[in-house]
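Notes to accompany the following structure.
The values are calculated or read from the model by the stated rules, or taken from the named source; none is laboratory data. Because the structure is predicted, anything quoted here is derived from the model rather than measured. No Cβ is skipped: glycine too gets one built from the backbone with ideal geometry, and neighbour counts run over all protein chains shown. Please note that ligands, DNA and RNA were not included when accessible areas were found on the heavy atoms of the full protein model with its side chains. Shrake-Rupley method; radii C 1.70, N 1.55, O 1.52, S 1.80 Å.
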Amino acid sequence: MKPPLLVLIHLADSSYASIAEHYEILYAPDQQRRAEMIAGPARHVAVVLTNGSTGLTADEMRALPRLQLVCAFGAGYENVDVAHAEAAGIGIATGAGTNEDCVADHAMGLLLATVRHIPALDQATRAGAWRDNLPLQPQVAGKRLGIVGLGSIGKKIARRATGFDIDIGYCNRKRRDDVDYHYFPDVAQLAGWADFIIVAAPGGADTRHLISGRVIDALGPRGYLVNIGRGSIVDTAALAAALREGRLAGAGLDVYESEPKPPQELAGLSNVVLTPHIAGWSPEAIDASVQQFLRNCEEHFAAAEPVVRA
């Protein structure tokens, strides 16, 4: 018999089939099925598959007495109760590295779409407009890009941006010694220097509303903000007010505080480009994430000690 696996996230049919070759899947991608599974059928599982935004609470872990390993699909694990897992000897593993290229590609796509106003130009063209009657949008080349969070994804964004002859600066928990980009210890200082900001930081309490009204005002009326990190990092109300009042030129968001519902404060604004938290999703990235999950499980149960989270 295949061991049982509790899955708390949506899986595409192909991903489900690949994992089902190895596990008996207890599928609970919504809150009602999640509660029902944890209260009953899932009590014998040793592994839970979740992601950073879906997470797994301490109470849920306590309800799973045979739990040995929590796996996050993707790099984030901000809503997994790490302290409880460590205290209970439960391993945590992630899919860090499986979708970095996909996210970095999407970040640059959002930046270009936002600065060049591509979605709005598409709609205007379909309606019969011609360039002579449309406002000109700035170019990306030759500008300054500030990256908030220069981890693996942030570095890949920077590498892509250099191909556009962009000057790179970054704000990070500490200065990196493996890059020569401009370092700013304070995110508002970075925003004051930059023409564009791309947020690539992790979520959680430490970064909540890191992009505040003060930071947005520092970026200024000619500035553009892109967020492919976590929705909680940007103060949505402050962002919406700045965009409405012309204190910020535009924003491109793949993540937002209200997800999966669209951010109502932003949805009606023409200077915002929205995508549905899909930056890390591609056939290649999803397949890599599935394979990494299976490797994480195999290594965990073959090892004398739990897998250390990435």
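What ³J(HN,Hα) values, in whole Hz, does the Karplus curve 6.51 cos²θ - 1.76 cosθ + 1.60 give for the range 126-133 when θ = phi - 60°, with x put for Gly and Pro?
So the Karplus estimates, Gly and Pro as x, are 5, 8, x, 6, 10, 4, 4, 10 Hz.
Which of L294, L64, L121 moves most in a GNM of the chain, Cα contacts under 10 Å?
Comparing L294, L64, L121 in the GNM, the peak value goes to L121.
Over the range 43-114, with the other protein chains present, what is the accessible area per residue in square angstrom, probe 1.4 angstrom?
Solvent-accessible surface per residue comes out at 35 Å².
Using the Karplus curve 6.51 cos²θ - 1.76 cosθ + 1.60 with θ = phi - 60°, what ³J(HN,Hα) values do you get for each residue of the range 33-43, in whole Hz, with x for Gly and Pro?
Each residue's phi maps through the Karplus curve to give 5, 4, 5, 5, 5, 5, 6, x, x, 8, 5 Hz.
Given Cβ point charges of +1 (Lys, Arg) and -1 (Asp, Glu) and nothing else, what value in debye, to the nearest 20, does the dipole of the range 81-193 about its Cα centre take?
280
With the chain treated as a Gaussian network of Cα nodes joined by springs under 10 Å, which of W130, W281, W193 yields the largest mean-square fluctuation?
W130
Roughly speaking, what is the centre-to-centre gap between the range 10-58 and the range 198-224 when only Cα atoms are used, to the nearest Å?
That distance is 33 Å.
Sticking with the crude label model, points 7 Å out along Cα→Cβ, report the distance from L112 to A58 in nm, one decimal please.
My value for the distance between the label points is 4.7 nm.
Under 1.5 on a/c is rounded, so check that first for the chain, then, if it is not, pick prolate when a/b is larger than b/c and oblate when it is not; a ≥ b ≥ c are the square roots of the alpha carbon gyration tensor eigenvalues.
Here the chain falls in the prolate category.
Suppose every K and R has +1 on its Cβ and every D and E has -1 on its Cβ; what is the size of the dipole of the range 223-310 about the Cα centre, in Debye to the nearest 20?
So the magnitude is around 280 debye.
Could you calculate the FRET efficiency of E21 with A87 from 1/(1 + (r/R0)^6), where r is the beta carbon distance between them and R0 is 30 Å, rounded to 0.05?
Numbers: r = 33 Å, r/R0 = 1.11.
After rounding to 0.05, the efficiency reads 0.35.
Using a 1.4 Å probe on the protein heavy atoms, what percent of the accessible area of the range 169-275 belongs to carbon and sulfur?
For the range 169-275, the apolar C and S fraction of the accessible surface comes to 48 percent.
Sticking with the crude label model, points 7 Å out along Cα→Cβ, report the distance from M1 to R126 in nm, one decimal please.
Those two pseudo-labels are separated by 5.3 nm.
Quote the charge dipole size of the chain about the Cα centre in Debye, to the nearest 20; the model charges only the Cβ of Lys and Arg (+1) and of Asp and Glu (-1). Don't skip to the end; give the middle numbers.
Numbers: 28 positive and 35 negative charges, 107 e Å.
Here the chain has a charge dipole of around 520 debye.
Taking only Cα atoms and a 10 Å spring cutoff, compute GNM fluctuations for the chain and point out the largest among L210, L56, L269.
Comparing L210, L56, L269 in a Gaussian network model of the chain, the most mobile one is L269.
Using alpha carbons only, how many angstrom separate the centre of the range 112-137 from the centre of the range 235-302?
Spelled out, the Cα-based centre of one part sits 24 Å from the other.
Check L56: other-chain or 5+ apart residues with amide H under 5 Å from its amide H, H built from backbone geometry?
V80, D81
Need the full-extension length gain, R43 to Q137, defined as separation in residues times 0.36 nm minus the C-alpha distance. One decimal, nm.
28.2 nm
Shape call for the range 158-249 from the C-alpha gyration tensor, a ≥ b ≥ c root eigenvalues: rounded (a/c under 1.5), prolate (a/b greater than b/c) or oblate?
oblate
List, in order, the whole-Hz ³J(HN,Hα) value for each residue of the range 217-232 obtained from phi through the Karplus relation with A = 6.51, B = -1.76, C = 1.60 and θ = phi - 60°; use x for Gly and Pro.
Going residue by residue, I get 5, 5, 5, x, x, 9, x, 10, 10, 10, 10, 10, x, 9, x, 5 Hz, with x marking Gly and Pro.
Of all the accessible heavy-atom surface of the range 41-146, with the other protein chains kept in place and a 1.4 Å probe, what percent is carbon and sulfur?
51
Pull out the extension gain between L269 and S282, defined as 0.36 nm times the separation in residues minus the alpha carbon to alpha carbon distance; nm, one decimal.
1.9 nm is the gain from fully extending L269 to S282.
Which of rounded, prolate or oblate describes the range 210-310 when judged by the alpha-carbon gyration tensor and an a/c cut-off of 1.5?
On the way: a/c = 3.47, a/b = 2.50, b/c = 1.39.
Verdict is prolate for the range 210-310.
Of M108, N79, T98, whose Cα points farthest to the positive end of the dipole of the range 52-145 (charges on the beta-carbon: +1 Lys, Arg; -1 Asp, Glu; origin at the Cα centre)?
Positive-most Cα among the choices belongs to M108.
How high is the FRET efficiency from S14 to R208, r the C-beta distance, R0 35 Å, rounded to 0.05?
After rounding to 0.05, the efficiency reads 0.50.
If R₀ is 51 angstrom, what is the calculated FRET efficiency for the pair R175 and R244, using the beta carbon separation as r and rounding to 0.05?
0.90
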